[in-house]
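Below you'll find the structure, written out as structure tokens, and then a few comments.
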Amino acid sequence: MVSGTALVYDEEMMSYCLLWDDPECAIEVPERLASSYKRLQDYDLVNRCVQLPVREATEEEITLVHSPEYLEVVKNTQTMDVDELKETSQKYVAAYFHQNSYRCAKISLGGTLQLVDAVMSGDSLNGMALIRPPGHHSQRSESNGFCVFNNVAVAAEYAKSKYNVQRILIVDWDVHHGQGIQYIFEDDPSVLYFSWHRYEHGSFWPNLRESDYDSIGKGKGTGFNINLPWNQIGMGNADYIAAFFHVLLPLAFEFNPELVLVSAGYDSGVGDPEGRMCATPECYAHLTHMLMHLAGGKLCMILEGGYHLRSLSESASMTVRTLLGDPVPKLSGEMTPCYSALESIQNTRHAHSPYWKCLLHDETRLVQEMSTKGMPAPEPLQTDGSAADELLENHMKKILHPTPPITTLVVAPVENTPNILEGMQLEEGTLTTQQAINVTSAFNQGELNENVLNSKLLPAVEKLLNRKTRNCITVSPNVYLSAAAAIQQALHLGSERVFCVLIGDVDMKPEIANEGKTLCLTISGDKMPEKTHSPYVTFLQWKETPHGGSSFFYPLFRFLLPLAYSYQPDLVILAVGSNRSVGTMDIALLTSLLQALADGAVLAVVTETEKEIIGALSNVLVKCASLGFGPYNAPANDCAQSLTQELTVLETKWRMLQCLAK
Ligand code: X5A
Ligand code: ZN
């Protein structure tokens, strides 16, 4: 299997800078690269990556996107004096040239193409290019917003022509609209472009009408340009994650790209003077982790903006850590998207609803009068530069833990041992049925039985909670009883929130959901049982439609993950019994995505007869297995309907489920 993370960096890209006074351009400094690279070194991430040498992009490559006339203009800046450089710069918007700009722009683009080659050839699974100048504002014949050549746009054209890639997803999480990328691919259905950006009803740079949600592409490309404009500053973790669940991910999975390119600007992070947003560094780990499940893991991160050095470098480090497969830290903050974010999400979903099957099942309608329209300019947030420095320093200490020494602990009787993979450790033995029965009665009596404490499953739960192992897989003759025992043990050891997903014949008794300390979700092909009226006992009726492909993405992003993220568990238990109505690959995807919760503490409990599931889950839990998915299928009507009903009840309590502002 393809593995490894590539890193592109060369200090030569620090050999240009702004030569005159211009407050707008002053933030784009060479130290942006130095501090990012330094932070990666401090976290010992550079050593764990494959470092790729940069190269100059060729003229042929540059003109995949740019006009020969513009190339000539940039080339000529090499020999200009400062006055001429300034004069050339002023022909464009928010641009500056230096004598070394051309050379650096060629390396910046060439480095990006090196990364694309590594990933497309299979030398590396994924990677990141730390480069400048950035690219996403630059246009066919124009420099713009500190960008000279459009690195990501050229990379997409390059991948199409060199590797015959049919579908490319570009995710632009920079806080500015990459209008350059939009213009280049507007009428091209082979490139799906997603950008969120600070917009404030058009009052934020680059102040373009076409940055709004209703620019959806042109001609054949209609539906393939997704703009999510933020009309307020202060967007944070919950808003970004909601945008992924309710806008980007469903469309991206339906699109089914063969390569994902990220215009990875970190000016959307906390402390950035341009963006004035609030996302903390681990948010980028979550975004990255989700994107790693597309295109068989072929994911290239290409640096764009990011002007708060500490925020930039911490966020870029979280990105690389995640690419390498390290556990994703728990997301911090209240998991409630703000009203203005929901308005934006609602409008983007509405604008795209004619073009995407996955948007069909929910009601979509337009917000006519935006709540923030005509509001006075927002007050500066308290997170100015140095306050953010301090906040970040403390924050990183709080959220980063040493990676557990064991990746996957296997609790199984020896005759049922799955093939032990590298990174797995076997603890022989599991609960006997008698022991498990003891647990249930112990639970009813409010005490834990000696017998049970001596078995191997309960110590495994302790190891999981104490971070001795990252995750755990248990092969059990009685999935329900083992899961019940694990829950009791977790609560006994002080867990506050256990998220438990039950698939197939597991039959967990709802009374397990005590005091909100557990949230149980049962997935079954049968109709919903009589309603319990507890938001902690939830139900998903799900059955695959017969004709190939999968429709599971729909409930995954519409329901399962938003529910899990709303709850913020400290332990995830996934119990898979027999007679399940969800396919092996879908359960693998679910498990892999759930690893972003609870610092990766996932306990999978699997029936001993389900060999295929045991194999698939071992793969997902041990390696960040790159999963491949077929085309998207529309879900069966009764399933979609029962989900909608369930959502109406639950979304007032679990706020990440909400995708209409009301
Ligand atoms: C790459 C990038 C921002 C330009 C802002 C000009 N450019 N006001 O973040
Ligand atoms: Zn930017």
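Using Cα centres only, tell me the gap between the stretch 178-214 and the stretch 249-288 in whole Å.
Value for the Cα centre distance between the two parts: 15 Å.
List the residues whose amide H sits under 5 Å from the amide H of residue 534, counting only those 5 or more places along or on another chain, with H placed 1.01 Å from N in the peptide plane.
Answer set, sorted by chain and number: none.
Rounded, prolate or oblate: which fits the stretch 1-126 when a ≥ b ≥ c are the square roots of the eigenvalues of the alpha-carbon gyration tensor, with rounded for a/c under 1.5 and prolate only if a/b beats b/c?
oblate
For the chain, calculate the relative contact order in percent as a whole number, restricting contacts to Cα pairs under 8 Å that are 6 or more residues apart.
Relative contact order, the chain: 12 percent.
Listing 107, 399 from the residue with the fewest other Cβ atoms within 10 Å to the one with the most, what is the order?
Starting with the residue having the fewest Cβ neighbours, the order is 399, 107.
In the stretch 210-362, what is the volume of the convex hull around the alpha carbon atoms, normalised per residue and reported in Å³?
118 Å³
Against the longest alpha carbon principal axis of the chain, how many degrees, from 0 to 90 and to the nearest 10, is the axis of helix 479-492 turned?
Roughly 70 degrees, rounded to the nearest 10.
Taking the alpha carbon gyration tensor of the stretch 5-399, what are the square roots of 5 times its eigenvalues, largest first, to the nearest whole Å?
Calculated on Cα positions only, the semi-axes equal 28, 24, 23 Å.
Please give the net charge around residue 117, taking every other residue with its beta carbon less than 11 angstrom from that of residue 117, where Lys and Arg add +1 and Asp and Glu add -1. Intermediate values should be presented prior to the final figure.
Values: positive: 55, 162; negative: 123.
Result for the neighbourhood of residue 117: +1.
Would you calculate, for the chain, the mean residue ellipticity at 222 nm contributed by helices, counting each DSSP H stretch of 4 or more residues as -39,500 (n - 2.57) and dividing by all residues, to the nearest 500?
Dividing the helical sum by the residues of the chain leaves -10500 deg cm²/dmol.
Just report the Cα centroid separation between the stretch 562-608 and the stretch 303-327, whole Å.
So the separation of the two Cα centres works out to 27 Å.
Taking residue 91 as the anchor, which aspartates and glutamates have their alpha carbon closer than 17 Å to its alpha carbon, excluding any fewer than eight residues away along the same chain?
Hits, sequence-local ones excluded: 21, 22, 24, 69, 72, 81, 83, 142.
Across the stretch 240-251, in residue order, what do the Karplus-derived ³J(HN,Hα) couplings come to in whole Hz, using 6.51 cos²θ - 1.76 cosθ + 1.60 with θ = phi - 60° and x for Gly and Pro?
5, 5, 4, 4, 5, 5, 9, 10, 5, 5, x, 5
Please compute the length gained on full extension between residue 166 and residue 208, using 0.36 nm multiplied by the number of residues separating them and subtracting their Cα-Cα distance. Provide the component values of the computation, followed by the final result.
Values: separation 42, 0.36 × 42 = 15.12 nm, distance 2.97 nm.
Stretched out fully, the residue 166 to residue 208 stretch lengthens by 12.1 nm.
Over all directions, average the projected area of the Cα convex hull of the chain and note it in nm².
With every direction weighted equally, the projected area is 27.6 nm².
Which angle from 0 to 90°, rounded to the nearest 10, does the C-alpha axis of helix 281-291 make with the longest principal axis of the chain?
80 degrees
Quick one: which residues, 5 or more positions from residue 605 or on another chain, have an amide H under 5 Å from its amide H? H modelled 1.01 Å from N in the peptide plane, none for Pro or chain starts.
Long-range HN contacts for residue 605: 474, 574, 575, 576.
Of all DSSP beta bridges located in the chain, what percent are antiparallel, nearest 5?
5 percent
Mind checking the dipole of the chain: about its Cα centre, +1 per Lys or Arg Cβ, -1 per Asp or Glu Cβ, Debye to the nearest 20?
About 1260 debye.
The numbers here are math on the coordinates, done by the rules we state, and not lab data. Fair warning: this is a prediction, and the values are worked out from it, not measured in the lab. Virtual Cβ from ideal backbone geometry, glycine too; neighbours counted across all protein chains shown.
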